[in-house]
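Since the structure comes first, as structure tokens, the remarks are kept for the end.
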Amino acid sequence: MITVDNVTVGYGTAGFIKAVDQVSLTINDNEILGIAGESGSGKSTLMRAVYGDFSTGLRILSGTVTGRFVDATSGQVIEAQSKNFAPLWWDQLSYIPQGSMSVLNPLMKIEQQVVDGLPARERKGGSHALRQRIAGFFSGFGLEETVLDAYPHQLSGGMRQRVLVAIAAFVNPRLILADEPTTALDVVVQKKILLMMVEIQRRQRNSLVLVSHDLGVHYQITDRLVIMYRGQIVEQGPTAEIFANPQHDYTKNLIASLPRLHGKRAVESMGVLA
Amino acid sequence: MTDTPILEISNLTRTYRKGGLFGGTSFNAVDNVTFTLPSTPQVFSIVGESGSGKTTVARMILRLVEPSEGSIRLLGRPLSGKAHDRIDDHEFRRLVQPIFQNPFEAFSAYLPVEAYLRRTALNLRIASNDAQAVEASDAALRSVGLSYERIAGKYIRQFSGGELQRISVARALIPKPKLIVADEPVSMVDASLRMSIVNLFRQIVEEQGVSFIYITHDLSTAYYLSDQVSIMNTGRVVESGVPTEILDNPQQAYTRELMAAIPTVGERWSELAEIDSQFGYADARHSKVSPPTINNDA
């Protein structure tokens, strides 16, 4: 679906600050791909380069990001570079940006924000019918119809996050890019949202790219995993294999630093309190 | 050292009103919470989701919110109530210090961070002049693995979240408090650095004899770090005790739900398997490879 070939991405016009350094990867059809790494490792920048959002001063210095999409109505194959992805947004690919708390328009009701990004083919049939469809879709996310008439500040963090996932999935895109979609949420809400995303992916058989620094999340839901460190990919492969047999020292450290239930405790590992 | 408990909380309740002056309803954000922190230094965790009331408990211990009912006693003395018998503000701040969730919001962007440490030392009269304040700050910073020279002159954006949270810890340590109340101190910190902060807390408990109230939604770090855990839901404590006992044998449905929601390595969420079977997915990757065994020593 997407082929990232030896791409170097960064910011700045006068000087160039490298954020992603010679990265190659493929996003296949029908899979959940995880991207892990600490802050500053280039996860979000890579995500923006794949989405084709260069509005923030992002530049591809070398390499290519090629997308291959099939038009749903005509069956035509569209092949494009990511800098030309904009016409495909909210049709073939959608993006759940980081920091859901602040990305919804505070002056617009939720319903308008859903309708706003819809491609023409989704708008057919009048606004009442569309509202019914949106309400039906939202109910699958545990969101009541009243949410459509709410402004973002009237919703809790978890609800806003679900609204964002719902908006991104409503257009039935072939590729959903989710940047830290559940960070800063409570675990119970996080689990609900993650399960919802898996269900959407399984039903639509599209591709989901999940960026998260939480390896536990990756272990639970991703099929393949990419580990980034300082702008480079240090390891990639099937998630279970990486966890069973991490090759790179950084990956080993990441896995070892995961807290676990029933594991060893600080009290015991320090051996002071007996 | 006497055996007076650090903190005794009994029947603590905080009521908020919703709606208008005459109509409207009231609800208890914190409902009849009781617990004791004994004199031995330790970590006491309060675990719960948003809206469970855990932060309100923390804010009442920090005297940022007045209790509606019940009492909090610090070293046997009341925190609230009539002015003449409660602990005065100055002494209180020497004894109890906070650490907040987001260190980028705890410090101003327009002041170099070391100014906060110096001010803490001067305001709490740990130091009487600037040179002593620098000395006290440096000592505190060294105990968290930093130093005054390393941070001097820098502003918050020049630090990573993990470093800045270490600086918050150092600031809290300056008056050599008896108790630190840490409200979600690691939830903004990267997963890879989280454990180093959590281990730092443990180290401070053991080496400096400071007790911690650790407020979190993350049961796994609470389990790892604490001597006692209380699980809160809708304002009430639903279960409390020693973490190993609670997690090995959770009595409440809510505790089990909370445990099941943690994305851990080992067992896969059962709902995921249901989704997979519903859509005809073989659970290939989890059946082929057995979960790894790793120890936390690394």
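The values are calculated or read from the model by the stated rules, or taken from the named source; none is laboratory data. Because the structure is a prediction, the values reported are computed rather than measured. Methodologically, a virtual Cβ is constructed for each residue, glycine included, from the backbone with ideal geometry; neighbour enumeration extends over all protein chains shown.
Details
- As a summary of the residue check, B:Glu135 satisfies the conditions (1) more than 21 Å from B:Leu179 (Cα to Cα); (2) not in a helix (DSSP H, G or I) except for the one numbered (2).
- Residue that is farthest from A:Asn28 (Cα to Cα), among those in the range A:78-103 that are of a type in the set (Gly, Ala, Ser) and outside any loop (DSSP other than H, G, I, E, B): A:Ser102
- Test for B:Ser226: is it more than 25 Å from A:Ser41 (Cβ to Cβ), more than 10 Å from chain A (Cβ to nearest Cβ) and under 12 Å from the mean Cα position of the chain (by Cα): no
- Residue in the range A:145-164 that is in a loop (DSSP other than H, G, I, E, B), of a type outside the set (Val, Ile, Thr) and either closer than 25 Å to A:Tyr51 by Cα or away from chain B (no Cβ under 14 Å) (or both) present: yes
- Matching helices (runs of 4 or more DSSP H) fully within the range A:168-274 where at least 1 residues are within 11 Å of another protein chain (Cβ to nearest Cβ), out of contact with any helix residue (DSSP H, G or I) (no Cβ under 6 Å at 6 or more places or on another chain) and under 21 Å from B:Leu247 (Cβ atoms): A:187-204, A:215-221, A:249-256, A:266-270
- Of all the listed residues (B:Glu91, B:Glu135, B:Glu114, B:Glu149), the sole one being at pLDDT 90 or above and crowded, with 21+ Cβ neighbours inside 10 Å is B:Glu114.
- Matching residues, the range B:173-196, being farther than 15 Å from B:Pro98 by Cα and not in a loop (DSSP other than H, G, I, E, B): B:Ala191, B:Ser192, B:Leu193, B:Arg194, B:Met195, B:Ser196
- Strands (runs of 3 or more DSSP E) within the range B:5-75 that include 3 or more residues more than 24 Å from B:Gln203 (Cβ to Cβ): B:7-18, B:25-37, B:69-74
- Qualifying helices (runs of 4 or more DSSP H) (wholly inside the range B:235-291; at least 1 residues being modelled with pLDDT of 90 or more and crowded, with 19+ Cβ neighbours inside 10 Å): B:243-248, B:253-260
- Residue that is farthest from A:Thr251 (Cα to Cα) [pool: residues in the range B:183-203 that are more than 9 Å from chain A (Cβ to nearest Cβ) and touching a helix residue (DSSP H, G or I) at 6+ places or on another chain (Cβ under 7 Å)]: B:Asp183
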